[in-house]
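Step one of this worksheet: look at the structure below.
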Amino acid sequence: GAGKSTLVRCINLLERPTAGAVRVNGAELTGLSQKELRKVRQSIGMIFQGFNLLFQRTALDNVCFPLELAGMSRSEARQKARPFLKLVGLEDKESAYPVQLSGGQ
Ligand SMILES: Nc1ncnc2c1ncn2[C@@H]1O[C@H](COP(=O)(O)OP(=O)(O)OP(=O)(O)O)[C@@H](O)[C@H]1O
Ligand SMILES: [Mg+2]
């Protein structure tokens with residue numbers, strides 16, 4: 001309860017700080033329009049404390065979901081997502097649904 005999640009939510013402005021500015025790699029996020037902010041957020045990764053996985057989608061398709069929302073084709077999204085599953089040792093779980101994964105996975 002020290003404020004870790006709140007700090008991370010402030011960094012991507014899911015939570016707007018009551019005072020001060022947020023700068024990431026020199027860009028002042030607190031000065032951006034909502035549209036600009038959405039764009040910049042695409043390069044700021046965050047893992048939520050509650051995983052917020054979609055239970056009807058496989059591990060691979062969960063990773064693909066935000067890419068599809070951003071307008072990427074399904075096949076391109078899958079190509080992009082696979083190396084990330086591999087990076088975290090889940091390449092053999094790409095077809096598994098969230099209920100088939102452990103908490104850590
Ligand atoms: N800078 C702050 N000033 C005042 N209250 C804060 C601040 N940051 C966080 N809080 C409050 O403190 C509480 C705990 O914050 P938060 O959930 O961010 O902590 P956490 O470190 O992520 O906790 P956990 O270890 O349980 O995940 C929340 O009620 C939050 O609103
Ligand atoms: Mg937390």
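Hull surface divided by four, with the convex hull built on the Cα atoms of segment 59-100: how many nm²?
About 2.8 nm², averaged over all directions.
With every protein chain left in place, what is the accessible area per residue of the chain in square angstrom, probe 1.4 Å?
Using a 1.4 Å probe on heavy atoms only, each residue of the chain averages 74 Å².
Would you list the membrane-span-like helices of the chain, meaning whole DSSP H runs whose alpha-carbon atoms span at least 30 Å along their axis and whose mean Kyte-Doolittle value is at least 1.0?
Once both thresholds are applied, nothing remains.
Most mobile of ALA21, ALA81, ALA59 per a Gaussian network model of the chain (Cα springs, under 10 Å)?
Top of the fluctuation ranking is ALA21.
Taking the alpha-carbon set of the chain, what are its Rg and Dmax in Å?
Values for the chain (Cα only, Rg and Dmax): 16.0, 46 Å.
Go ahead and estimate [θ] at 222 nm for the chain from helices alone: -39,500 (n - 2.57) per DSSP H run with n ≥ 4, summed, over the residue count, rounded to 500.
Value at 222 nm, helices only: -11500 deg cm²/dmol.
Stretched out fully, how many nm does the piece from ASP92 to LEU37 gain, at 0.36 nm a residue minus the Cα gap?
My answer for the length gained is 16.3 nm.
For segment 15-29, just list the computed ³J(HN,Hα) in residue order, Karplus coefficients 6.51, -1.76 and 1.60, θ = phi - 60°, integers in Hz, with x standing in for Gly and Pro.
These are the phi-based 3J(HN,Hα) values: 10, 9, x, 6, 8, x, 10, 10, 10, 10, 6, x, 8, 8, 5 Hz.
Quantify, in whole percent, the carbon and sulfur part of the accessible surface of segment 59-100 (1.4 Å probe; protein heavy atoms only).
56 percent
The values are calculated or read from the model by the stated rules, or taken from the named source; none is laboratory data. All of these numbers come straight from a predicted model, not from anything done at the bench. Heavy atoms of the whole protein, side chains included, go into the accessibility calculation; ligands, DNA and RNA do not. Shrake-Rupley method; radii C 1.70, N 1.55, O 1.52, S 1.80 Å.
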